[in-house]
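Student: There's a structure below that I have some questions on.
The values are calculated or read from the model by the stated rules, or taken from the named source; none is laboratory data. All values derive from a computational prediction rather than experimental measurement. We place every Cβ from the backbone using ideal geometry, glycine too, and count neighbours over all the protein chains shown.
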Amino acid sequence: MPQRMDERERGLERRGLRRLALVEVSGPSMTPTVNTGDTLIVRYGARVRPGDVVLLRHPLQQDLLIVKRVVERRDGGWWVVSDNALAAFANDSRDFGAVPDELVLARGLLRLRPPADVAAQRTVRSAVSWAAVAVRPLSRRLRAR
């Protein structure tokens, strides 16, 4: 039986906020854009364009969620790459090919970098200083491949 949404949930749905989620990142493949320990705010169902950072299901291991940058549209789906050219194992479209649309789940909106030392964030000035570098929109920069 379908559940009924209350008024608050309907309001969130209308504004697209029910589609937002927090995703914790592990691994070096997207460094320097996203580092291990960073949290991404992602939006499920958002339109994807070249340059976007996206959350997707790994095409060969669909229980694994990965974060990559969309480069272009190709036959069979989206070509996605890692930002870290020095990563020993890229785990991107160079390994598994184009990613079908149904495996691209969400577009990254913001990166939240954790404070280096939570105890050190005791003053308003230190908290503002941390926030100035910790909260960043995910750029649409494209890299030559």
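Student: Residue under question is Asp52, and the condition is that it be under 16 Å from Val135 (Cα atoms) and either touching a strand residue (DSSP E or B) at 6+ places or on another chain (Cβ under 6 Å) or free of Cβ contacts under 8 Å to residues at least 24 places away in the same chain (or both); does it hold?
Tutor: no
Student: Among the residues of the stretch 55-71 satisfying the criterion of being in contact with a strand residue (DSSP E or B) (Cβ under 7 Å, 6 or more places away or on another chain) and more than 24 Å from Arg136 (Cβ to Cβ), which is surrounded by the most Cβ atoms within 10 Å (Cβ to Cβ)? Spell out how you get there, then give the answer.
Tutor: Just the residues of the stretch 55-71 that are in contact with a strand residue (DSSP E or B) (Cβ under 7 Å, 6 or more places away or on another chain), to begin with: 55-59, 64-71.
If we keep only those that are more than 24 Å from Arg136 (Cβ to Cβ) too, we end up with 57-59, 64.
Working: Arg57: 17, His58: 17, Pro59: 19, Leu64: 11.
Among them, the one singled out is Pro59.
Student: Return the pairs, sorted by first residue and then second, in which the second residue is not hydrophobic (A, V, I, L, M, F, W, C), the first residue lies in the stretch 89-115 and is free of Cβ contacts under 8 Å to residues at least 40 places away in the same chain, the beta carbons are less than 7 Å apart, and the residues are 6+ apart or on different chains.
Tutor: Qualifying pairs under 7 Å: Phe96/Pro59; Gly97/Gly76; Ala98/Arg74; Ala98/Asp75; Ala98/Gly76; Ala98/Gly77; Asp101/Gly77; Pro115/Gln121.
Student: Here's something else I'd like to know. Only one of Gly16, Gly37, Gly27, Gly51 is at pLDDT 65 or above, loosely packed, with under 15 Cβ neighbours inside 10 Å and not polar (S, T, N, Q); which? Lay out the reasoning, then the answer.
Tutor: Working: Gly16 fails: at pLDDT 65 or above; Gly27 fails: loosely packed, with under 15 Cβ neighbours inside 10 Å; Gly51 fails: loosely packed, with under 15 Cβ neighbours inside 10 Å.
Only one candidate qualifies: Gly37.
Student: I would also like to ask the following. Pairs only if they're at least six apart or on different chains, beta carbon under 6 angstrom, first in the stretch 121-141 and within 22 Å of Lys68 (Cβ to Cβ) and charged (D, E, K, R), second modelled with pLDDT under 75 and surrounded by 12 or more Cβ atoms within 10 Å (Cβ to Cβ); list them, first residue then second.
Tutor: Note: no pairs meet the criteria.
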